[in-house]
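Working notes, structure below.
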Amino acid sequence: MTDSTSLRIAILVYEACMGSQVFGITDVLRIGMDLGLDIKARKGPAFDIELIGLAGKSIKIAGGISVGIKRPAGKYDLLIVPGLEINRHVDWDKRLASLSRELAFIKKTFAAGTAVASACVGAFLLGEAGLLNGRKSTTAWLFAPELARRYPATRLQADAVFLEDGAVLTTGAVSSSFDLAIQLVKRTLGAEVATATARVALLPNQRASQSPFVDSALMERGLPAFSQQLQLWFSERLADEYDLNRLALTFHISPSTLLRRIKVETGQSPLDMLQLARVEKAKQLLSNTTWSIARITAEVGYSDVSSFSRLFTRLVGETPARYRRR
């Protein structure tokens, strides 16, 4: 991009979408533009941002707040789809069916060569429009199992904060819309401006994982009954050696059927579930006790501190010691 050009960005505003993502992204990009004028000595704005919608001149977003919008016009470099106001008991079929116009627009815009990014559960709109098929994706950790169930052709990475696969970008939970904005500043104006923008906005410059923020109790309540039973079985036997055949016999099911059913319900394998249960227990012990890391390692079924620390770091994004200091 030269100083004389701007990245044309459209943010798709639709009924009950999250205002924090619509305006948070816009505000961070504007901070980046202001800093870019000083640091990069630009002659013009780096971003041309429009709030667009498909009905009328205004629309009510989450909380019933009316927002002025423009009709889409011309070609955009990037279309951003914010998340929507929902709860864990949402009827996804009904909710997505109510957004049929937006889904058709997302599909058409992407087919015309525009890159598309989602914030938080905006990933469900991308999935429904077919953009996630065969691509890596992420979304809010609480709703990641449902995304995996609805769109099995996507390669879900539930712990990721920001993912890019070709011209499709997805982000994690609500505040990761800021990570998206910082990434856009970085690639458009450079690392120096992105770092300055993050500092001015009091944002982390780069977050690698949602895992430190996952609450396993909330996750488990959202699982189907069979997966909840398996999760409970694991939680009561964290120190037991993993044995798929024994597990299948316990639940009166074949190993292949067990693997397939858990994959469909959670997007994970039974071993993934056990490892996560062990790490979640370790997180609790790190936060609520003064036990040594070696004792915690043994408590959750591992004999080698180094190997467990590697697993913990891979799933949480930071070492046990650093997690304890949080």
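The values are calculated or read from the model by the stated rules, or taken from the named source; none is laboratory data. Note that this is a predicted model, so its numbers are computed, not measured. When we count neighbours, we look across all protein chains shown, and the Cβ atoms used for this are built from the backbone with ideal geometry, even at glycine. What goes into the accessible areas is simple: the full protein's heavy atoms, side chains included, and nothing from ligands, DNA or RNA. Shrake-Rupley method; radii C 1.70, N 1.55, O 1.52, S 1.80 Å.
Answer yes or no: is there a residue in the range 267-283 that is over 22 Å from the mean Cα position of the chain (by Cα), more than 25 Å from residue 151 (Cβ to Cβ), modelled with pLDDT of 90 or more and open to solvent by 60 Å² or more (accessible area, probe 1.4 Å). The answer is yes; a qualifying residue exists. Does residue 45 meet the test of being over 15 Å from the mean Cα position of the chain (by Cα) and within 30 Å of residue 227 (Cβ to Cβ)? For residue 45, the condition - over 15 Å from the mean Cα position of the chain (by Cα) and within 30 Å of residue 227 (Cβ to Cβ) - is not met. For the range 291-303, filtered to residues that are part of a loop (DSSP other than H, G, I, E, B), closer than 22 Å to residue 235 by Cβ and not β-branched (Val, Ile, Thr), the residue that is most open to solvent (accessible area, probe 1.4 Å) is 303.
Here residue 177 clears all of (1) open to solvent by less than 40 Å² (accessible area, probe 1.4 Å); (2) over 21 Å from residue 48 (Cβ atoms) except the condition numbered (2). Taking the numbered list (1) over 13 Å from residue 127 (Cα atoms); (2) within 18 Å of the chain's Cα centre (by Cα) in turn, residue 92 passes all entries but (1). Residues that are within 22 Å of residue 149 (Cα to Cα) and open to solvent by 60 Å² or more (accessible area, probe 1.4 Å) within the range 221-237 comprise 221, 225, 228, 229, 232, listed in sequence order.
Considering only the range 238-251, state which residues are of a type outside the set (Val, Ile, Thr) and under 27 Å from residue 146 (Cβ atoms). Those that are of a type outside the set (Val, Ile, Thr) and under 27 Å from residue 146 (Cβ atoms): 238, 242, 244, 247, 248, 251. Among the residues of the range 143-155, write down those that are closer than 23 Å to residue 313 by Cβ and open to solvent by 50 Å² or more (accessible area, probe 1.4 Å). Correct list: 155 only. Of all residues in the range 313-324, at least one satisfies being open to solvent by less than 30 Å² (accessible area, probe 1.4 Å) and not in a helix (DSSP H, G or I).
For the range 238-258, a residue qualifies if it is in a helix (DSSP H, G or I), closer than 24 Å to residue 311 by Cβ and open to solvent by 70 Å² or more (accessible area, probe 1.4 Å), and the qualifying residues are 245, 246.
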